[in-house]
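Q: Pasting a structure here, questions to come.
The values are calculated or read from the model by the stated rules, or taken from the named source; none is laboratory data. Predicted, not measured: the structure shown is a model, and the values here were computed from it. Glycine gets a Cβ as well: all are built from the backbone with ideal geometry, and neighbour counts include every protein chain shown.
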Amino acid sequence: MSESQQMLMELAIQDIIKYIMNDHNVDWTEAMRRFYVSDTMEKLSDADTGLYRESSAYVYDLYKNEAHNGRIIQNEI
């Protein structure tokens with residue numbers, strides 16, 4: 001992963017951790033634990049998926065769907 005790709009991924013992770021904290025009323029450590037063990041995080045950190053280029057809100061929606069359904073489900077438009 002290039003330096004710019006890494007930076008985009010890290011910025012998205014910061015936003016997503018904040019979303020989890022706000023939506024689930026958990027602290028930073030718990031929010032990080034929840035996200036870092038998710039399949040969404042695995043996909044985000046894989047440059048080949050291109051997920052790092054998507055908005056933080058989009059990636060968080062994927063995470064919420066995964067948390068709700070037990071797996072990543074991308075809704076059709």
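Q: Among the residues of region 32-49, what is the count of those that are of a type in the set (Gly, Ala, Ser) and closer than 16 Å to residue 65 by Cα? Full working, then the answer.
A: Taking region 32-49 as the starting set, the residues that turn out to be of a type in the set (Gly, Ala, Ser) are 38, 45, 47.
Now drop any that are not closer than 16 Å to residue 65 by Cα, which leaves 38.
Total meeting the criteria: 1.
Q: Filter region 36-77 for residues that are acidic (Asp, Glu) and under 21 Å from residue 22 (Cβ atoms) and give the result. Quick ask: steps written out before the conclusion?
A: Start the filter on region 36-77 by keeping residues that are acidic (Asp, Glu), which leaves 39, 42, 46, 48, 54, 61, 66, 76.
54, 61, 66, listed by residue number.
Q: Of all residues in region 21-77, count the ones that are exposed (fewer than 13 other Cβ atoms within 10 Å of the Cβ), farther than 23 Å from residue 7 by Cα and at pLDDT below 95.
A: Counting residues in region 21-77 that are exposed (fewer than 13 other Cβ atoms within 10 Å of the Cβ), farther than 23 Å from residue 7 by Cα and at pLDDT below 95 gives 9.
Q: Are any residues in region 40-64 of a type outside the set (Gly, Ala, Ser) and touching an Asp or Glu at 6+ places or on another chain (Cβ under 6 Å), and if so, which ones? Give the derivation first.
A: From region 40-64, those of a type outside the set (Gly, Ala, Ser) are 40-44, 46, 48-49, 51-54, 58-64; that's our starting set.
Residue satisfying the conditions is 40 alone.
Q: Follow-up question, since we're still on this one. Can you tell me which of (1) over 14 Å from residue 64 (Cβ atoms); (2) in contact (Cβ under 8 Å) with a residue 12 or more places away in the chain is the one residue 3 doesn't meet?
A: (2)
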